[in-house]
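Structure first, then comments.
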Amino acid sequence: MLTLEGLDVWRGPSQVLRGIDLQVRAGEIVALLGTNGAGKTSTLLTISGQLRPRAGRSTLEIDGRRHDLAKLDPAAIVGLGVAHCPEGRQVFGGMTVLENLRLGAYLRDAAGVPADLEAMFGLFPILAERRSGLAGQLSGGEQMMLAIARALMSRPRLLLLDEPSLGLAPQLVEQIFTTIEEIRANGTTVLLVEQNAALALELADRAYVLESGAVHLEGQASSLAADPRVREAYLGLGPTAVEAVL
Ligand SMILES: Nc1ncnc2c1ncn2[C@@H]1O[C@H](COP(=O)(O)OP(=O)(O)OP(=O)(O)O)[C@@H](O)[C@H]1O
Ligand SMILES: [Mg+2]
């Protein structure tokens, strides 16, 4: 569905992505891992058209047609079925929950919107209770749910999720991850950026680990979770801890 080939991206004077090769197949959950500043957010911003590659290709294949994302503006990319749920749950605090959700559907014709709102309230019941409240008055976890639901209102085929667990209590993180599984079951492919490598590798089919803007490791999530390099650097399990677990 999505193919990145040899992607080089610069932000100001610095190169932030170096020859990124990455694939997401229809129906997959793919995790994108890496330490702070590795280039995870920059990768998502490039896919959604908010950063432009200096070299390489970013293509989306839909119904047998290939689209060169680097030539399209962000609205056209949303129109093709790619939704980006940004880092830091950027909801519109001065607008209600319902208004935020309607904004997510702004590129669609209005016909299916009421049904999709109901679907979002089914996925996140707390948003139904808060529908008339201001988004700025929701808790951190509720704002995250609203940000995900708003992205889903564009009926994406591919959802780009940037750090959905950041700053949330463990119980809420579990809930969000369960919802990501449901989102995939409903037919949306997911590219998930996460700092919580342990949880992401449990959920994902495959994963990529970025380091300094380049792909450092990639593979099946289960093999990466067992890889000593991943365990030490990203799961916080040193050699001694690994022995203790085994
Ligand atoms: N607006 C910006 N202008 C210039 N450079 C930036 C900007 N935002 C990020 N960078 C740099 O780009 C590189 C990659 O950052 P990016 O945000 O993609 O990493 P990340 O993996 O998402 O990190 P984090 O885990 O902290 O979210 C870093 O070196 C960062 O300092
Ligand atoms: Mg980031």
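FYI, it's all coordinate maths here, none of it is from the lab. Since the structure is predicted, the reported quantities are computational estimates derived from the model, not experimental observations. Neighbour counts run over all protein chains shown; Cβ positions are idealised from the backbone, glycine included.
Using alpha carbon centroids, what distance separates segment 6-52 and segment 114-181, in Å?
24 Å
Tell me the mean residue ellipticity at 222 nm calculated for the chain from its helices only (DSSP H runs of n ≥ 4, each -39500 (n - 2.57), averaged over every residue, nearest 500). Don't skip to the end; give the middle numbers.
Values: 11 runs with 93 residues, N = 246.
Rounded to the nearest 500, the figure is -10500 deg cm²/dmol.
What's the longest piece of the chain with no exposed chymotrypsin sites (Phe, Trp or Tyr not before Pro), counting a site as exposed if DSSP puts it in a loop and it has at most 15 other beta carbons within 10 Å?
Numbers: sites that count: Phe92, Tyr106.
In short, 107-246.
Under a Cβ-Cβ cut-off of 15 Å, what is the net charge of the residues other than Met95 that fall near it, where Lys and Arg count +1 and Asp and Glu count -1? Numbers along the way, then the final one.
Values: positive: Arg89, Arg102, Arg130, Arg131, Arg150; negative: Glu99, Glu142.
Charge balance in the 15 Å sphere: +3.
On full extension of the chain, what length is gained from Glu129 through Arg108, given 0.36 nm per residue of separation minus the C-alpha to C-alpha distance? Walk me through the numbers before you get to the answer.
Details: separation 21, 0.36 × 21 = 7.56 nm, distance 2.50 nm.
That works out to 5.1 nm of additional length.
Checking a compactness column here: for the chain, what do you get for Rg(Cα) / (2.2 N^0.38 Å), N being the number of residues? Can you show the working numbers first?
Working: Rg = 18.0 Å, N = 246, 2.2 N^0.38 = 17.8 Å.
Normalised Cα radius of gyration, the chain: 1.01.
Multiply the residue separation of Arg25 and Arg52 by 0.36 nm, subtract the distance between their alpha-carbon atoms, and state the gained length in nm to one decimal.
7.5 nm
Would you please give the residues with an amide H less than 5 Å from that of Leu210, counting only those at least 5 places away or on a separate chain, with H modeled from the backbone geometry?
Leu33, Gly34, His216
Size of the dipole of the chain about the Cα centre, Lys and Arg at +1 and Asp and Glu at -1 on the beta carbon, nothing else charged, in debye to 20?
On the way: 22 positive and 28 negative charges, 144 e Å.
Charge dipole of the chain: 700 debye, to the nearest 20.
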